[in-house]
Amino acid sequence: MATITLPDGSTRAYPTTTTPQQVASDIGPGLAKAALGAKIDGILCDLSTEISRDCSLSIVTPKSRDGRVDADALFLIRHSCAHVMAEAIQRLHPGTMLVYGPPIDTGFYYDMAFPDGRAPSTDDFAAIEAEMAKIVAENRPFTRYELPAQDGMAKLQKEGSKFKIDNAQRAQEAGSSVFSFYATGTPGAHWEDLCRGPHVPATGRIGAFKVTSLASSYWKGDESLDRLTRVYGTAFATKPELEEYLRQIEEAKKRDHRVLGKQLRLFHIDEMVGQGLVLWTPRGSVVRQELQSFISEALKEQGYQQVFTPHIGKLDLYRTSGHFPFYRESQYPPIIEHDALARLAAEGCSCADLANRLASGEVDGYLLKPMNCPHHIRIFDSEPHSYRDMPVRLAEFGTVYRWEQSGEIGGLTRVRGFTQDDAHLFVREDQVAEEVLGCLALVKLIFGTLGMNDYRVRVGLRDTTSDKYVGDSANWDKAEEACRAAAKSLGVPFSQEVGEAAFYGPKIDFVVRDVIGRSWQLGTVQVDYNLPVRFNLSYTGADNKAHRPVMIHRAPFGSMERFVGVLIEHFAGAFPLWLAPEQVRVIPISDKSEGYAQEVLAALKARGIRATIDAGNERVQARIRDASELKIPYLAIVGPRDRDARVVSLRAFGIDANLGELPLDRLLDGVSDEYRSRGARTVRALMSPPGPRA
RNA sequence: GCCACCGUAGCUCAGUGGUAGAGCACACCCUUGGUAAGGGUGAGGUCGAGGGUUCAAUCCCCUUCGGUGGCUCCA
């Protein structure tokens, strides 16, 4: 006897056991037909799962009640499609061993071990998809059966896949006493896989799918273990949904900062200069410079002081801070002086020997700085401080260098040399909470001005089982508590992640996504009780005794490179006026109005506006098109009529119409105001909104 | 760093074992045009670099540099 509560609150009683499929049929044939799976007490299950006790039940169908694509349905479809793909690949590539094939946000993948040289290539995708289509067309049921752990293990041993045996062992360790298998059809007669499930009722319910890409992975994500081939695919309930998804991917690619950066000539990365070393072109430098001015103004208001420090420093500095030799793999190798190098060479010192002697401190050298904090610390420590002076806030757009792995470098988001909008706050312990809040306010101001609301907050805590952190645990506890409290006060949901702390302290990170869904850390605020100890920092308290300051490291943009990269994608290259490399372009209708056009240009430039003129030998239409491809915010088009009335005909990027005539004075005032107010007020707003047909 | 794929004109890309092509951009000429591509002519390439196979390599093989997608890493 089971009483089943449905999502609308109604209940149904069943005298014996039943299944979600049965319940769906009892509710209606339409639902029964649409059903892909079920949620029993909130847990996703097969439609054939037996129900023998009271529970709540909802039937999973491709579209949820609000008409949106149902996430659970996608999960079922994709997980099932992973099986279909695995079967297809095993058919085409005999000897392939399966490892793990879960659904993911954008589809699914299956990790596989191919016999030597037998891995598929992207050329094989069509054949794999054709084979999958056959399996889908056969509409074979997903049939679940269970074996006691011992029998299941014996079966897997016989089949001989160490990967599946390992999966099973881990399931067993996690407390499973039975293993479940899913056959695509009849157990024994058809393909099957050790799998927890659940799945759609039959292969035919996978509406549309595509094999998308090929990558490598490591078994259990451990690079010392087997290297596997990961085949990615995606699946949807219907073909239009798949097509829409593929279209979105194509659209996203157009926003890619690497594509736009080239198109708009914002930056250049040159193989002759080096991987991950960004060259900022004049246009891109404008964007960066405007951002730096913006933050500098905000910093001045918050009582920061600007400093400058060199790009290198002695190894001893970084030995003291703990950066060297602890993190030497992620730094450019040390720079050694000529004399020392000659002496070592004369001694016949080997490379390995040199590395050891550098690590031990027997040989000294310089390091391209991996972080700015040691330099700032030395500035703080260069003069005595009273409790009255605190906090001391030192800010610098400081360029740092890190040896990122070659395979990880790309575009502006992961580079080897980058400039942080860095600052270090030396504060009294009673000031920590307030100063952290001040840092968060800055981050909010920046994100708010730029309209970036799609970020998440992560509080990175130490992993107490790891030895990569410095400092004593009482200080860590205090710092972690300060971060948690500050994050809470933001009023934004945040996650706490163990093992995400910096080596010297916990942190609050701001994370955004790029166009292809990858997450990037931008701004960060870190509380540090440890470096002040390592550098023996102090200030004189009201009691005339030496006290230890606390440090706060913070960089609201993270790095200028990454931030601009994300910003390019955020605006799809169409920067607001204050950031735009080119703000206004003047287009004379013909030679007859060029004189006036030059006058307009000169007036704009006199107001500090980045304006250009296109008096080229092209028709107006063509020149408008050229300007819109550069995403220039405003076009001032002038002909004889405009000249006579001393107005311009205005066009704004993104509005495919003439906004009308604007007196020259109002244009100058309006553009200046939009620029200085960073978009709080706009010229566009001065114009009467264009009608349906302007 | 690992695996797969890619590298042809400034850009986007086609192509072939017999030393290369398009569109856009560029230059010049014609056109003086009122809101998203007017017309013509022309210039432009050691086919990423090095080595090998071959009578002959941009194409096949190896190495290397760079890019892309993942994996791993990211103080």
Here the convex hull volume per residue of chain A, taken over Cα atoms and given in Å³, is 251 Å³
Which three semi-axes in whole Å describe the equivalent ellipsoid of segment A:205-344, each the square root of 5 times a Cα gyration tensor eigenvalue, listed largest first? 43, 29, 17
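Among A:448-458, A:496-506, what's the highest-first ranking by average C-beta atoms within 10 angstrom per residue?
A:496-506, A:448-458
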So which chymotrypsin sites (Phe, Trp or Tyr not before Pro) in segment A:281-371 end up in coil per DSSP with only 11 or fewer other C-beta atoms within 10 Å? A:PHE308
Label 7 Å along Cα→Cβ of A:ARG513; segment A:455-474 residues with amide nitrogen under 18 Å? A:455-458
Below 9 angstrom from the Cβ of A:GLN275, what's the summed charge of the other residues (Lys, Arg +1; Asp, Glu -1)? -1
Zone of A:LEU341's modelled label, taken as backbone nitrogen in segment A:257-282 under 18 Å from a point 7 Å along Cα→Cβ: none
Residues of type lysines that A:LYS134 reaches as a straight line, Cα spacing below 16 Å, ignoring anything fewer than 8 places off in the same chain: A:LYS210
Calculated Rg and Dmax of segment A:428-527 using C-alpha coordinates, Å: 13.9, 43
Full-extension gain between A:THR122 and A:GLU497, please, as 0.36 nm times their residue separation minus the C-alpha to C-alpha distance. 131.3 nm
Multiply the residue separation of A:CYS351 and A:VAL273 by 0.36 nm, subtract the distance between their alpha-carbon atoms, and state the gained length in nm to one decimal. 25.5 nm
Please go through segment A:368-426 and write out the trypsin sites (Lys or Arg not before Pro) that DSSP classes as loop and that have at most 12 other C-beta atoms within 10 Å. A:ARG388
Treating every alpha carbon of segment A:1-142 as one equal point scatterer without solvent, the Debye formula yields log10 I(q)/I(0) values at q = 0.09, 0.10 Å⁻¹ of -0.37, -0.45
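If each DSSP helix of 4+ residues adds -39,500 (n - 2.57) and the sum is divided by the residues in chain A, what number results at 222 nm, nearest 500 deg cm²/dmol?
About -11000 deg cm²/dmol.
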What is the Cα coordinate range of segment A:340-419 on the first, second and third principal axes, sorted by size from largest, in whole angstrom? 55, 39, 17
Estimated FRET transfer efficiency (A:LYS468, A:THR5; beta-carbon r; R0 45 Å; 0.05): 0.35
Counting other C-beta atoms within 10 Å, which of A:ILE128, A:ILE43, A:ILE377 has the fewest, and how do the rest follow? A:ILE43, A:ILE128, A:ILE377
For segment A:138-211, report the convex hull volume of the alpha-carbon atoms normalised per residue, in Å³, without decimals. 108 Å³
Report the extension gain between A:MET153 and A:GLU138 in nm, rounded to one decimal, defined as 0.36 nm multiplied by the number of residues separating them, less their alpha carbon distance. 2.4 nm
When A:MET153, A:MET132 are ranked with the fewest other C-beta atoms within 10 Å first, the list becomes A:MET153, A:MET132
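First select every other residue whose beta carbon is under 13 angstrom from the beta carbon of A:VAL99; then total the charges, Lys and Arg +1, Asp and Glu -1.
Charge balance near A:VAL99 sits at +1.
How many percent of Cα pairs in segment A:464-573 exceed 17 Å?
When all Cα pairs of segment A:464-573 are counted, 62 percent exceed 17 Å.
Looking at segment A:80-171, which trypsin sites (Lys or Arg not before Pro) are in a loop (DSSP not H, G, I, E or B) and have at most 15 other Cβ atoms within 10 Å?
On the way: sites: A:ARG91, A:ARG118, A:LYS134, A:ARG144, A:LYS155, A:LYS158, A:LYS162, A:LYS164, A:ARG170; in loops: A:ARG118.
In loop regions of segment A:80-171 (DSSP not H, G, I, E or B), the sparsely surrounded trypsin sites (Lys or Arg not before Pro) are A:ARG118.
For segment A:161-253, what is the Kirkwood estimate of the hydrodynamic radius, computed as the reciprocal of the mean inverse distance between distinct Cα atoms, to one decimal in Å?
Numbers: mean 1/r = 0.0613 Å⁻¹.
By the Kirkwood definition, the hydrodynamic radius is 16.3 Å.
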Which of rounded, prolate, oblate describes segment A:217-289, given a ≥ b ≥ c as roots of the alpha-carbon gyration tensor eigenvalues and a/c under 1.5 marking rounded, otherwise prolate only if a/b is larger than b/c? oblate
Rg followed by Dmax, in Å, when segment A:542-694 is reduced to its Cα trace: 20.7, 79
Which value does Rg/Rh take for segment A:622-694 over its C-alpha atoms, Rh per Kirkwood? 0.95
Karplus-derived HN-Hα couplings along segment A:619-628 (A = 6.51, B = -1.76, C = 1.60, θ = phi - 60°), whole Hz, x at Gly and Pro: 6, 4, 4, 5, 6, 5, 5, 4, 5, 6
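All of the numbers you see were taken from the coordinates with simple rules; none came from a lab. Because the structure is a prediction, the values reported are computed rather than measured. When we count neighbours, we look across all protein chains shown, and the Cβ atoms used for this are built from the backbone with ideal geometry, even at glycine.
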